[in-house]
Each structure stands twice: as C-alpha cells, then as structure tokens.
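Engineer: I'd like to ask you about the structure that follows.
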Amino acid sequence: MSETKKRHHLVVRITHWVNAIALTIMIGSGLRIFNAYPAFARKGETFCCYPFEGHRIPEWLTFGGWLAGARNWHFASMWLLVVNGLVYLGFIYLHGEWRDLVPRRGLARDAWEMIKFYLVLRRDHPHQDKHNAIQRLVYFSMPIVGLVAVLSGIAIWKPVQLSPLTAVFGGFVWARYWHFLAMVVLVALSLGHVFMVFAVDPYSLRSIITGGYNPANSPEARNARPFVNPRRKKP
C-alpha cells in the first residue's frame, strides 16, 4: 500500500477554505441586493436575455437581512476574496503549482476521454496527474470567471467614476447581467466540484484539510466514476 504523501501546502488549504466562505457570503448577499430590483431592464424597458424579470430570488438563498446590510457584507467579502485570491495565485506561481492547473497540449482530448469514462463509454480510468483534464479546466477557469465577477461588480459600484470600465461591459445594465452570469457560472463550477469530491474522490477531503493524500486511493487507482467505487475496498 502506498504511503500518504503531501498533496496541498498549508497556504493552498487556508486560501481554499477562506475562498469558500467569502464566495458563499458574496453569493448570498449579492442575491439579496438583486432582490431589491429583480430585473436587468430599466423601468419601462425590456431586456433580451433574462426570462425571470420581476421574480425575486427565494429569501432562504439570500444573506444580509436588508439591502444596506447585504451591501456591507458583499463589499467586505469582495475585498476578502480579492486579497485571498492574490495570495493564492502568488503562492502557486512562486511555488510552481501553477503547472498542475494550466491547460496543456492534448487537454481537450483528455477531457473527452474523462467524459467517455464517466458516461461508461470507456472501461478504464484515463491516466491523470494531480488533477484530471476536467479538473484542470475547472480550476483554471475559476479565477478567470472570478476576475470577470470582480471587475463587473466594480463597474456597477462606480458606473460614473469608472465609466470606461462600465462601457467595456456594455453599459450599466449589461455590467449587472455579466456580473450575475459570472455568479451563476461560479455557483455551477463550485457545486460540480463539491459533487465530484463526494461522488468520486471523498479521500481528497483529507488532503484539503490536513494536506495528506494516499495515491492508492486516487480515482485512477480505484477506477472510480460517480458513485461507482467511490471508496477503496477493504482488503
């Protein structure tokens, strides 16, 4: 049996959990702010790309209590998210862990092979390094989507003072829409990440808490797909 090896540095583990907390607060408070005016079109106008105009987000999904409170929580968690993100990106660059995340040649092909495996169109788990091809795509794209969310949020916050930035997003209405859409993408990626941890690689929970990981428990070693061999069989 393989020995437990160090998989995640302490800095990566701390920034991961800080990011999870900050993102949760930002999403909940952002939805509460959106409920103050649950539409993208200005009054008397229409908007092409949101079919739920006027429909409020369920209160249990929101955070902040009231509009001013939600705004305070939203901006506080935004700066926490930005600082935490810069610490994380700076660390993985200096520590060399960026090599495990950036796209590489053949990534699209490898991602397709993973999809085939999950759809039971392929019998054996494709070879992977620290992360499989789909994980690489997700982990690489999340900071980019996060940057779009932050910049569009700043454009909404100061649409007059930062009018050039607001114009980049197509004006105030479209900046709100891109900000909302970025949030939806982040939620989808985060939920997908959590689902795959529990359904395919529950052993990775230990690695993001203590840093240790046993390669013998990897999805490749167990030939694990969602809810099939999610845990190593006892000898």
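The values are calculated or read from the model by the stated rules, or taken from the named source; none is laboratory data. Computed from a predicted structure; not experimentally measured. As a convention, Cβ positions derive from the backbone with ideal geometry for all residues, glycine included, and neighbour counts pool all protein chains shown. When the accessible area is computed, the model is the full protein with side chains, heavy atoms only, and any ligands, DNA or RNA have been set aside. Shrake-Rupley method; radii C 1.70, N 1.55, O 1.52, S 1.80 Å.
Engineer: So, of the residues in segment 1-13 that are out of contact with any strand residue (DSSP E or B) (no Cβ under 9 Å at 6 or more places or on another chain) and surrounded by fewer than 14 Cβ atoms within 10 Å (Cβ to Cβ), which turns out to be farthest from Val83 (Cα to Cα)?
Structural biologist: Met1
Engineer: Hey, among the residues in segment 193-218 that are out of contact with any Pro (no Cβ under 8 Å at 6 or more places or on another chain), in a loop (DSSP other than H, G, I, E, B) and not β-branched (Val, Ile, Thr), which one's least open to solvent (accessible area, probe 1.4 Å)?
Structural biologist: This residue is Gly211.
Engineer: Taking Ile154 as the residue in question, decide whether it is in a helix (DSSP H, G or I), within 21 Å of Val200 (Cβ to Cβ) and of a type outside the set (Lys, Arg).
Structural biologist: No.
Engineer: Then there's this: Would you check if there is a residue in segment 220-229 being at pLDDT below 95, surrounded by 18 or more Cβ atoms within 10 Å (Cβ to Cβ) and among the basic types (Lys, Arg)?
Structural biologist: There is at least one residue in segment 220-229 that is at pLDDT below 95, surrounded by 18 or more Cβ atoms within 10 Å (Cβ to Cβ) and among the basic types (Lys, Arg).
Engineer: Being open to solvent by less than 50 Å² (accessible area, probe 1.4 Å), under 30 Å from Lys43 (Cβ atoms) and touching a Phe, Trp or Tyr at 6+ places or on another chain (Cβ under 7 Å): is that true of Pro126 here?
Structural biologist: No: the conditions fail for Pro126.
Engineer: Tell me the residue from Arg104, Arg99 that is open to solvent by 50 Å² or more (accessible area, probe 1.4 Å), assigned to a helix (DSSP H, G or I), modelled with pLDDT under 95 and farther than 18 Å from Ala182 by Cβ, please.
Structural biologist: When all the criteria are applied, what remains is Arg99.
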